[in-house]
Amino acid sequence: MNATIKCLNLSAKVLLIVMLTLTCIAQHNNPNQPGPSPQVKQTAEAVTGYWVGYMTTSLPGIKPEQFPWE
């Protein structure tokens, strides 16, 4: 039984490696695809940077809690 588990473990690892390899190969750049719109670029530039402050969590049934965020 121990040999069966080791065999299944090895098979799972091999399958994972094959799936990750195929996923990486399938992700290629399409030169015909247009870039993001000017509005998307402007928004991305506006929020890019180092943000520091406080964040408040608010979940149903629990009182809101504030914590530092860096």
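The values are calculated or read from the model by the stated rules, or taken from the named source; none is laboratory data. As the structure is a prediction and not an experimental result, all values here were calculated from the model. FYI the Cβ positions are ideal-geometry reconstructions off the backbone, even for glycines, and counts take in every protein chain you see.
Residues that are out of contact with any Gly (no Cβ under 9 Å at 6 or more places or on another chain), outside any loop (DSSP other than H, G, I, E, B), modelled with pLDDT under 90 and not aromatic (Phe, Trp, Tyr) do not occur anywhere in segment 58-65. Sub-9 Å Cβ pairs linking a first residue in segment 31-49 that is closer than 29 Å to Glu70 by Cα to a second residue that is modelled with pLDDT of 90 or more and surrounded by 10 or more Cβ atoms within 10 Å (Cβ to Cβ), at least 6 apart or interchain, are Pro36/Ala44, ordered by first then second residue. Please go through segment 47-64 and give me each residue that is of a type in the set (Val, Ile, Thr) and surrounded by fewer than 10 Cβ atoms within 10 Å (Cβ to Cβ), ordered by number. Once the filter is applied, which keeps residues that are of a type in the set (Val, Ile, Thr) and surrounded by fewer than 10 Cβ atoms within 10 Å (Cβ to Cβ), segment 47-64 yields Val47, Thr48, Val52, Thr56, Ile62. The number of residues in segment 23-46 being of a type outside the set (S, T, N, Q) and surrounded by 10 or more Cβ atoms within 10 Å (Cβ to Cβ) comes to 4.
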